[in-house]
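The values are calculated or read from the model by the stated rules, or taken from the named source; none is laboratory data. Note that the structure is a prediction, hence the values are computed from the model and not measured. Cβ coordinates were reconstructed from backbone atoms using ideal geometry, including for glycine residues, and neighbour counts include every protein chain displayed. Remember, those area values only see protein heavy atoms, side chains included, never the ligands or the DNA or RNA. Shrake-Rupley method; radii C 1.70, N 1.55, O 1.52, S 1.80 Å.
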Amino acid sequence: MIKPKPVRVAATLAAALLAAAGCSSPTASPGGTGNAGTLVVATAGEPDTLNPVLNYGVDGASLIFDGLVARDARNELVPALARELPTVSADGKTVTAKLREGVLFHDGSPLTAQDVAFTYQAVLDPTVDSTLRSDLDMLVSVTAPDPATVVFTLTYAYAPFLQRLALGIVPAKAFAGQDVNKAGFNRKPAGTGPYRVTSWTPGDRLVLAANETYWGGRPANSGVVVAFVADDNVRAQRMRAGEFDAAELAPKLASGFEGRNGYRVHKVPTADYRGVMLPMGNPVTGDLAIRRALNVAVDRQAMVTGVLGEAGEPAFGPVPPTSEYAEPSITGKPAADIAGAAAALDAAGWKPGPDGIRVRDGRPAAFTIMYPATDSLRKELALAVTADAKKVGITVTPEGLTWDAITPRMGNDALIMGYGTPYDPDFVSYKLFSSAFAGQGFFNPGSYRSTVTDAALRKGRDDADPAARKAAYATFQKQLAADVPWVFLTYLQHTYVVKDSVSGVTPRVEPHEHDVANSIWWNVHTWTKKS
């Protein structure tokens, strides 16, 4: 879950465009959105690093790097740095990729198989701070038998392994004699992608220039400025002022641009869910009866209508309804069942006190829900949960905080969280709900533990048979619905506002992580705009 960083609101885009002028056309357009052909996009989240090994753009579409494979507009795998999709051996344990010829990094050096091997070896290196290592625990070795061939050897046949090959490839020589965790490359990288980095001002902007020698053909524009604006309302205000060509906005803020001359609103389907993470170590949220009651007390349909403006749908689990692995039996009632929630609490000994707040053994049914203060959508969801909980005698205190304040409290206080992927159910869920990751930062922060869930997630990861995987993920979803470590609320549509002057926009189903990478601008190298 990418954490938005503070933004210097006073910094205007004029400074960003001056920076862009050094790498593109020197003639600014009269509309104030940049030099001829320069596109300006705005997002809330900012990466901590621009190194794929350290988790930047790991699912591709990073603008700066390419993987061996990429995803097209339907999220289907296509060759990228590999000249064709890698081949998989009959036993599923050997994957071989042949590299495209003539690919250059931004520094002019040629791509070789050793660069690919180094990238994955760095991920596997225990001294490197990569959260991807657990995603690749099936990977035994990566070798480069010749400059154009890469061989991956696995301990077991991991079904979605080819999807993991969207990871951006870095040049091995850039890290010679350096600590990968602290290398200057992490802020000033050289990839093979359609754009090269010219500057990165933390909390403000990332300036990218077109890669004139891109193997896929020169981008249709001269560059991209990514503006980092954490506050939703400030981002909307700056979009109205004409500073951006495209911006992601919360649904209610985006709706203000519908029908407005010069703009269009895109509601993009996603696998991105929001929910309440309930810590097992909290004496209230750790109680199963409380969690189950809250699960049926929340009015998901009202959230979709009132908070999302119909830009989404009710959520009951972490596998999106569009997935072939979705388990239909876990779907509950989208509207609140107040009577059912009250009955469950009564049966568990949580009795209403004089003030209506339920109490058991002298302890009130009360807890805090945290949310990032700059995220207007999560704030509204927290307030909706608070109101619904009150109807059944549970007191919830919503608290908007910075991520630095939220992080140390996740083991005890509930949190409005967001995750989700359209790619494979092993992605995200393995780390988010496995006991092996209990209490490890944003991986399973509530320390949920279940032997049934653990076994199902492991089976889904270890077995390449489609039927066995589907059964395993059905078991996983059913157990999660019974244990309620999260109260899933909604699946979102990501809402973007784009100027009418921009053409080439091609929305596709998006994951939760969608800031510089994997947003509606996944194919921004094909975009153009009228001056």
How many residues of the range 399-419 are open to solvent by less than 30 Å² (accessible area, probe 1.4 Å) and of a type in the set (D, E, K, R)? The answer is 1
Among GLY349, GLY340, the single one that is open to solvent by less than 40 Å² (accessible area, probe 1.4 Å) and either touching a helix residue (DSSP H, G or I) at 6+ places or on another chain (Cβ under 6 Å) or modelled with pLDDT under 95 (or both) is GLY340
If we keep only residues of the range 204-251 that are over 25 Å from the mean Cα position of the chain (by Cα) and more than 18 Å from VAL524 (Cα to Cα), then the residue most open to solvent (accessible area, probe 1.4 Å) is ARG240
Scanning the range 103-133 residue by residue, those over 30 Å from VAL428 (Cβ atoms), open to solvent by 40 Å² or more (accessible area, probe 1.4 Å) and in contact with a helix residue (DSSP H, G or I) (Cβ under 9 Å, 6 or more places away or on another chain) turn out to be ASP107, THR112, GLN114
Practice problem: Using the structure shown, decide if ILE330 is among the aliphatic types (A, V, I, L, M), touching a residue at least 60 places away in the same chain (Cβ under 8 Å) and under 30 Å from ALA468 (Cβ atoms). | Solution: yes
Quiz item: Is it fair to say VAL284 is among the β-branched types (Val, Ile, Thr) and open to solvent by 20 Å² or more (accessible area, probe 1.4 Å)?
Solution: no
Cβ pairs under 8 Å, 6+ apart or interchain, first in the range 91-115 and farther than 16 Å from PRO194 by Cβ, second charged (D, E, K, R) and surrounded by fewer than 18 Cβ atoms within 10 Å (Cβ to Cβ), ordered by first then second residue, are LYS98/ARG83; LYS98/GLU84; LEU99/ARG83; GLU101/ARG83; SER109/LYS173; ALA113/ASP146
Subset of the range 238-262, residues of a type in the set (Phe, Trp, Tyr) and out of contact with any helix residue (DSSP H, G or I) (no Cβ under 7 Å at 6 or more places or on another chain), comes to PHE257
Checked PRO422, PRO466 against criteria (open to solvent by 40 Å² or more (accessible area, probe 1.4 Å), of a type outside the set (S, T, N, Q), within 23 Å of GLY312 (Cα to Cα) and in contact (Cβ under 8 Å) with a residue 60 or more places away in the chain); the one match is PRO422
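This table checks each residue for (1) of a type in the set (Asp, Glu); (2) touching a helix residue (DSSP H, G or I) at 6+ places or on another chain (Cβ under 9 Å); (3) open to solvent by less than 10 Å² (accessible area, probe 1.4 Å); (4) modelled with pLDDT under 95.
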residue: PHE442; (1), (2), (3), (4): no, yes, no, yes
residue: GLN479; (1), (2), (3), (4): no, yes, no, no
residue: VAL484; (1), (2), (3), (4): no, yes, yes, no
residue: LEU489; (1), (2), (3), (4): no, yes, yes, no
residue: THR506; (1), (2), (3), (4): no, yes, no, no
So, first residue crowded, with 17+ Cβ neighbours inside 10 Å in the range 381-398, second residue in a helix (DSSP H, G or I) and of a type in the set (Lys, Arg), Cβ within less than 8 Å, six or more apart or across chains; the pairs are VAL396/LYS390; PRO398/LYS379
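Residues are listed down the side, and each one gets a yes or a no for (1) open to solvent by less than 10 Å² (accessible area, probe 1.4 Å); (2) assigned to a loop (DSSP other than H, G, I, E, B); (3) at pLDDT below 95:
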residue: GLY32; (1), (2), (3): no, yes, yes
residue: VAL41; (1), (2), (3): yes, no, no
residue: THR49; (1), (2), (3): no, yes, no
residue: VAL53; (1), (2), (3): yes, no, no
residue: VAL58; (1), (2), (3): no, yes, yes
residue: GLU84; (1), (2), (3): no, yes, no
Within the range 142-189, the count of residues that are over 23 Å from the mean Cα position of the chain (by Cα), closer than 18 Å to PRO110 by Cα and aliphatic (A, V, I, L, M) comes to 6
Hey, any hits in the range 91-102 for a residue that's at pLDDT 95 or above, touching a helix residue (DSSP H, G or I) at 6+ places or on another chain (Cβ under 6 Å) and open to solvent by 10 Å² or more (accessible area, probe 1.4 Å)? no
> In the range 445-455, is there at least one residue being in a helix (DSSP H, G or I) and acidic (Asp, Glu)?
Replying inline: yes
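Could you look through the range 60-81, keep only residues that are hydrophobic (A, V, I, L, M, F, W, C) and closer than 10 Å to GLY191 by Cβ, and pick out the one that is surrounded by the most Cβ atoms within 10 Å (Cβ to Cβ)?
PHE65
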Yes or no: LEU139 modelled with pLDDT of 95 or more and either among the polar types (S, T, N, Q) or over 21 Å from the mean Cα position of the chain (by Cα) (or both)? yes
Scanning the range 485-524 for residues that are part of a loop (DSSP other than H, G, I, E, B) and closer than 14 Å to LEU249 by Cβ gives HIS514, ASP515, SER519
